[in-house]
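What follows is a single structure, written as structure tokens, with notes after it.
The values are calculated or read from the model by the stated rules, or taken from the named source; none is laboratory data. If you're wondering where the values come from, they're calculated on a predicted model, not measured in any experiment. Don't worry about glycine lacking a Cβ; one is built from the backbone with ideal geometry, like all the others, and counts go over all protein chains shown. The accessibility values were calculated without ligands, DNA or RNA, using every heavy atom of the protein model including side chains. Shrake-Rupley method; radii C 1.70, N 1.55, O 1.52, S 1.80 Å.
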Amino acid sequence: MYSITTQVTFEAAHRLRSAYTEECFKNLHGHSYRVEVEVASTELNSDNMVCDFKKLKEIVRCNIEEKYDHSCILHADDPLVEPIVKYCGKVYVWHENPTAENMARTFYYSIANTPAFKELSCELVRVSVWETEHNMATFQPDRG
């Protein structure tokens, strides 16, 4: 199996709807996110590659970086949704907590369901979201 990985970064704010830590629950805060996307193939294509890095990077950039950069991601039950939507431009309202784990899963399926990705003829292995320099969450669906 061969694999390649590409990365994008974006800046975004979020607020978690749980009380696991008061700081993340009470305070709207932001991160400099780094997203890694790994794809794989058992065979190399006619150019001896898993796929063209440039094409993969463009898909990831359009589905994640361009969409979420300088945005605010909130849970649908968050009381801040209404005022933030009213006064801010890029707001994404999710029906799940906007944790790094849920971001990784959301980004995985966004990429996997993109027609341009399906044309690459490789398998999406995993998406990892770095919330800080030292903390990363990964989504990789069960293959069994």
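A few comments on the model shown:
- Qualifying residue in segment 43-64 (condition: among the polar types (S, T, N, Q) and touching a helix residue (DSSP H, G or I) at 6+ places or on another chain (Cβ under 6 Å)): yes
- Considering (1) farther than 28 Å from Glu119 by Cβ; (2) touching a Leu at 6+ places or on another chain (Cβ under 6 Å); (3) not polar (S, T, N, Q), the lone condition that Val39 does not fulfil carries the number (1).
- Residue satisfying condition, being of a type in the set (Gly, Ala, Ser) and more than 18 Å from the chain's Cα centre (by Cα), within set Ser110, Ser32, Ser41: Ser41
- Considering segment 118-130, and only residues there that are in contact with a Cys (Cβ under 9 Å, 6 or more places away or on another chain) and open to solvent by less than 50 Å² (accessible area, probe 1.4 Å), the residue that is farthest from Gln140 (Cα to Cα) turns out to be Leu120.
- Residue match in segment 8-17 (condition: open to solvent by 70 Å² or more (accessible area, probe 1.4 Å), under 20 Å from the mean Cα position of the chain (by Cα) and modelled with pLDDT of 95 or more): yes
- Reported count of residues in segment 40-83, each being touching a Lys or Arg at 6+ places or on another chain (Cβ under 7 Å) and polar (S, T, N, Q), is 1.
- In segment 26-112, counting only helices (runs of 4 or more DSSP H) that sit wholly within it, the ones holding 3 or more residues that are modelled with pLDDT of 95 or more and open to solvent by less than 30 Å² (accessible area, probe 1.4 Å) span 53-60, 100-112.
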